[in-house]
1. Does anything in the range 264-294 have its amide N under 18 Å from the 7 Å Cα→Cβ label point of D320, and if so which residues?
2. Measure off 7 Å from each Cα along the Cα-to-Cβ vector at R401 and N269, then give the distance between these two points in nanometres to one decimal.
3. With each pseudo-label sitting 7 Å past Cα toward Cβ, what's the Q308-Q379 distance in nm, one decimal?
4. Given a cut-off of 24 Å, name the pairs among K386/K414; K219/K299; K366/K390; K332/K386; K117/K218 whose C-alpha atoms lie farther apart than that in the structure shown.
Amino acid sequence: MSTIIPSTGVVPPGGEEPSFAELPEQVNLLGAALQDLAHSLDRRLLETENLGRITTEINQGLLLDEILDTVFDSFRGIIPYNRIGFSLIGTGGRSVVARWARSDLGELQLGAGYEAKLEGSSLQGVLETGEPRIINDLEAYLAGKPGSESTRLIVAEGLRSSLTCPLIVNGEAVGFMFFSSIRPHQYHSQHVSVFQSIAAQLSVIVEKGRMASELDAKKQEAEHQNEELRRLDLIKNRFLGTVAHDLRNPIASIRMSAELLADPSASLNLEERRAFLHDINRQARYMVELIDDLLDVTKIESGRLDLQLETIRVDEFLEDTVRRHANLAARKGTAVMLMSHSNGRVHADPIRLRQVLDNLISNAVKFSPAGSSIEVRQQCRRDSWKVEVKDEGPGLTEADRRALFEYFATLSAKPTGGENSTGLGMAITRRVVEAHGGEIGVDSPPGAGSTFWFTIPYGNELNRTWRK
């Protein structure tokens, strides 16, 4: 009785069925092929699931950075990498600008903001072919192209192979995704079809995220503009209220004094007439100060605070300013003293700089008790010129410090000589100092006086100092 051996269906190139002895080998080959196919299908399934999940998250409102973080966390089962970078093609298509990057190796050498020329670069070739580019030995690539700065930076991060995927949406190139690994020869050409599929889907995903981010940025900008309009509207209302109230009172006082002085029936002696004239002068000075401050606020808020920069001798400027205030403060029994000198120079607007120092010294006199001392100190530091004005007043509360440099600030402390205050001087002073690139602040322990200070930097072309 004969035995019938079923055919395997595997026929060798010669057309004859394999012998019985060859069957195990053919079965093994068939099993290996089936395993490869199953593995490939598993990868495709994982890829489809991940991309489907990411797409769902995008539809729920994820922004670009959130999408890219999701890609970094989710794609390890699809593509091996230690680093992912994302770049956009710049305006006009002349450059490539790094928009986002993330790595599990530590600090990035090539991060967001890095820009490189596109024309004539290897990336331009990637766009022309529309196919992913594989570099499996970055060190060898850098040796052949030592002028490639981007390659030098990622090699310095410890990366040894890379996969560049062009992102193309509706036929238009929008950017690149860069997958990089610390292992050389990590990416294989037989997987290019997979990489192309991933790149095509990522292109749509990333473009949607980019558009969502742009819309979100415009929304935030609009909200910021609305907030700024509300702030300006509040300033306008305070402005009108100040004009209506703070100018009406001194005008009424001047009018009353002038009518009494002009009334022939009023029996006024010389001292009474002098008192009325002094009040007229004081109220007029206050109105001029208020009007000047309001005009400055208008210039500042409209962006028209122009600086006329000159070279100023520090010693002469301080001596002149302190001498002027010492004469005025003497009427209140207050001493204003310059405690240190310097032969340095500073590049600044002399009128605006005098306005800053005038505000600080006059405020110190205004809020200090009669018979106290005001000390003015200055020092030329390594990167800036610093001026301090120290008084013996009541100091500032925490609430005072928060409101001090805002428009129309009302402080708990009151002028010790009944002087008027517009509530604008310190806010204007802050903005003038900042226009010079400097800083302003106050050190004020409760009950121990206050030390106001400001700096003018000289580490740039506009503001610098030197010694004789």
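1. None, by backbone N distance to the label point.
2. Label-label distance for R401 and N269, simple model: 5.1 nm.
3. Those two pseudo-labels are separated by 3.4 nm.
4. Values: K386/K414 27 Å; K219/K299 28 Å; K366/K390 13 Å; K332/K386 28 Å; K117/K218 28 Å.
Violating the 24 Å Cα-Cα cut-off are K386/K414; K219/K299; K332/K386; K117/K218.
Just so you know, all these numbers are worked out from the coordinates, no wet-lab data involved. Keep in mind that this is a model prediction, so the values were computed, not measured. All Cβ positions, glycine included, derive from the backbone under ideal geometry; neighbour counts span all protein chains shown.
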